[in-house]
Amino acid sequence: MDFTIPPDVESLRQKVRAFVEEVCIPAENYYDYDIGRLPDGPAQDLRRQAKSRGLWTPHLPTSEGGLGLDLVGTAIIFSELGRSFIAPYVCNCDAPDEGNMHLLHLAASPEQKKRFYEPLCKGEIRSAFAMTEPAPGAGADPQSLRTNAEKKGDVYVLNGHKWYCTGANGANFLIVMAKVGDSFRRTTMFLVPTNSPGYTMVREIGVMGSHGPGGHCELKFENVEVPESMLLGRVGEGFRLSQERLGPARLTHCMRWLGMARRSMEIAREYALKREVFGSKLADHEGIQWMFAESALEIEQGFMLTLKAAHTLRAGEDARHIISMAKWSVSETLCRVLDRAIQITGSLGYSRDLKLELVYRDARAARIADGPTEVHKMVIARGLMTGKESF
Ligand SMILES: Cc1cc2nc3c(=O)[nH]c(=O)nc-3n(C[C@H](O)[C@H](O)[C@H](O)COP(=O)(O)OP(=O)(O)OC[C@H]3O[C@@H](n4cnc5c(N)ncnc54)[C@H](O)[C@@H]3O)c2cc1C
């Protein structure tokens, strides 16, 4: 692996850093705790600024309005954007739209691209990804999938119950995972416009962290008719495509989380260098210095794992093992580092005067969503036990 940042990525990184420092971090003060997100007015204004600075959809090819970064370049840029919890949305590269763009880019037909992908890339519409179901349906174990699609004439009739679908309230369309004819091997992705008869957005589920645009929603599908032309990929390709989506999407999560972990330590450092306790600066106390050292080590380890995973994916190799390592490591690091940052900043860190408490609550989901830590450990161990992976 070559760790040198190419000059074009480095100059873009500096542009992104300036945008995050000058525009996004000050705008975090618009965050509305009652609705759990940025109000629409400031959010749209910030998005216009991202476009005018040439920082819109950085992950897309240049032919599609992006910056033409490969996954390693994306890792560098997304970890800069991640320093502000609003910047990924402002640049139209936050979950779930970013992962859904990737999937549509890979698998959508020309008609589907025109109808869904193009307006999504322009930020004219939003989307959601619907996989998780209440028990006994799919959660950590996707093989428990219950949502079913029955072929009737030239339509598929969808029935099912989903939840925790990020962004679904107000989304224009959903990508829904369902079994065709109750056969798990025929799991398929369907593009479902949210104005389809029989579809209901039941509620935005109240959660511990922020909601983002569109919340985390419970959904019902009751005899929703989906035309054949709205299959994403072919019947039976659902799990292969979901891996195509989730692999890079897990990594882009890691990249954003690393940015947030770095910023939280910067906030803590600023405090520790000013605050005096027991006759010396907080930063001079060994107990505090160790927290900084441990955080720096863990962030660097996570960054290296993320870069290696991006490098493996870019080379077209099977990256499941290293992606699971990166996702497990970075999600746990994020939670530990934020906890330390709050400890170092004391009551100020616990208050809403800083944004650490908000990000701390959001961060807890990182160890559950997109595969809980235990599932990633299981994936790693399976690879090792079958001899496919080595120590
Ligand atoms: C903020 C947030 C956003 C989300 N966004 C989306 C979205 O947009 N679309 C979507 O489809 N889903 C989404 N999810 C759902 C998420 O992907 C699931 O929560 C996750 O897959 C786990 O499923 P579950 O919650 O049903 O947990 P369960 O399957 O009930 O598992 C519960 C716990 O069991 C443990 N466990 C599971 N397997 C093992 C094992 N093999 N060994 C040991 N322990 C194990 C884990 O600790 C796990 O947390 C989101 C979740 C959150 C919290």
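The values are calculated or read from the model by the stated rules, or taken from the named source; none is laboratory data. These figures come from a predicted structure and were not determined experimentally. A quick note on method: Cβ atoms are made from the backbone with ideal geometry, for glycine too, and the neighbour counts reach across all protein chains shown. For accessibility, only protein heavy atoms count, side chains too; no ligands or nucleic acids. Shrake-Rupley method; radii C 1.70, N 1.55, O 1.52, S 1.80 Å.
Going Cα to Cα from residue 51, which lysines come in below 26 Å? Please leave out same-chain ones fewer than 8 positions away.
15, 113, 114, 122, 355
Kindly state, as a whole number, the per residue volume in cubic angstrom of the convex hull around the alpha carbon atoms of segment 237-391. Walk me through the intermediate numbers first.
On the way: hull volume 18.0 nm³, N = 155.
So the per-residue hull volume is 116 Å³.
Once the principal axes of the Cα atoms of segment 127-235 are found, what is the range along each, listed largest first in whole angstroms?
Per principal axis, max minus min of the Cα coordinates gives 42, 29, 22 Å.
Could you work out how far helix 7-19 tilts from the main Cα principal axis of the chain, as a 0 to 90 degree angle to the nearest 10?
Value to nearest ten degrees: 80.
Going from most exposed to least, what order do 192, 375 have by accessible area with a 1.4 Å probe?
Descending accessible area places them as 375, 192.
What is the calculated FRET efficiency for residue 343 to residue 154, with r their C-beta to C-beta distance and R₀ = 56 Å, to the nearest 0.05?
0.40
Work through the residues other than residue 329 whose Cβ is under 12 Å from its Cβ and net out their charges, Lys, Arg +1 and Asp, Glu -1.
+3
Any idea how far apart residue 384 and residue 64 come out in nm if each label point goes 7 Å out from Cα toward Cβ?
So the two model labels end up 3.7 nm from each other.
Give the distance, in whole Å, between the Cα centre of segment 353-391 and the Cα centre of segment 142-185.
Here the two parts' Cα centres lie 26 Å apart.
Give the lysines whose C-alpha is closer than 17 Å to that of residue 308, dropping any in the same chain fewer than 8 places away, or say none.
327
Could you work out the relative contact order of segment 19-118, using alpha carbon pairs under 8 angstrom and six or more residues apart, expressed as a whole percent?
So the answer I get is 24 percent.
For residue 68, what is the net charge nearby, where nearby means another residue's Cβ is under 14 Å from its Cβ and Lys, Arg count +1, Asp, Glu -1?
That works out to -2.
Tell me, what is the FRET efficiency for residue 40 and residue 203 to the nearest 0.05, using R0 = 22 angstrom and their Cβ-Cβ distance as r? Don't skip to the answer; put the middle values down first.
Working: r = 20 Å, r/R0 = 0.93.
Working from the Cβ atoms, E equals 0.60.
Please report, largest first and rounded to whole Å, the three semi-axes of the ellipsoid equivalent to segment 210-278, where each semi-axis is the square root of five times an eigenvalue of the C-alpha gyration tensor.
Largest first, segment 210-278 gives 45, 17, 8 Å.
What FRET efficiency do you get for residue 114 and residue 234 if R0 is 25 Å and r is their Cβ-Cβ distance, rounded to the nearest 0.05?
0.80
Tell me, what are the semi-axes, in whole angstrom and largest first, of the equivalent ellipsoid of the chain as set by the roots of 5 times the Cα gyration tensor eigenvalues? Walk me through the intermediate numbers first.
Numbers: eigenvalues 257, 106, 89 Å².
Three semi-axes, in Å: 36, 23, 21.
Net charge near residue 185: determine it from the other residues with C-beta under 13 Å of the C-beta of residue 185, scoring Lys and Arg +1 and Asp and Glu -1.
Working: positive: 179, 186, 234, 240; negative: 182, 237.
Computed value for this residue: +2.
Tell me the angle of helix 373-385 to the major Cα principal axis of the chain, expressed in degrees between 0 and 90 and rounded to the nearest ten.
Taking Cα atoms only, the helix is inclined about 80 degrees.
Mean residue ellipticity at 222 nm from the helices of the chain, using -39,500 (n - 2.57) per DSSP H segment of n ≥ 4 over the full residue count, to the nearest 500 deg cm²/dmol?
On the way: 11 runs with 175 residues, N = 391.
Result for the chain: -15000 deg cm²/dmol, rounded to the nearest 500.
What ranking of 377, 113, 327, 355 comes out by heavy-atom accessible area, probe 1.4 Å, highest first?
Descending order: 377, 113, 355, 327.
Provide the gained length on full extension for the span residue 225 to residue 314, in nm with one decimal, where the gain is 0.36 nm per separating residue minus the Cα-Cα distance.
28.3 nm is the gain from fully extending residue 225 to residue 314.
Could you state the angle between the C-alpha long axis of helix 238-274 and the longest principal axis of the C-alpha atoms of the chain, as a value from 0 to 90 degrees rounded to the nearest 10?
For 238-274 against the chain, the angle is about 20 degrees.
Take the alpha-carbon centre of segment 33-48, take the same for segment 1-28, and report the distance between them in whole Å.
Here the answer is 22 Å between Cα centres.
In what sequence, largest accessible area first, do 124, 98, 266, 332 appear using a 1.4 Å probe?
Numbers: 124 125, 98 15, 266 55, 332 35 Å².
From most accessible down to least: 124, 266, 332, 98.
Which residues among segment 208-232 fall inside the zone where the amide N is under 19 Å from a point 7 Å beyond the Cα of residue 105, along Cα→Cβ?
Only 232 fall inside the zone, counting backbone N under 19 Å.
If the cut-off is a Cα-Cα distance under 12 Å, which aspartates and glutamates reach residue 281, setting aside same-chain residues fewer than 8 apart in sequence?
Hits, sequence-local ones excluded: 270.
What is the ratio of the Cα radius of gyration of segment 7-122 to 2.2 N^0.38 Å, with N the residue count, to two decimals?
1.07
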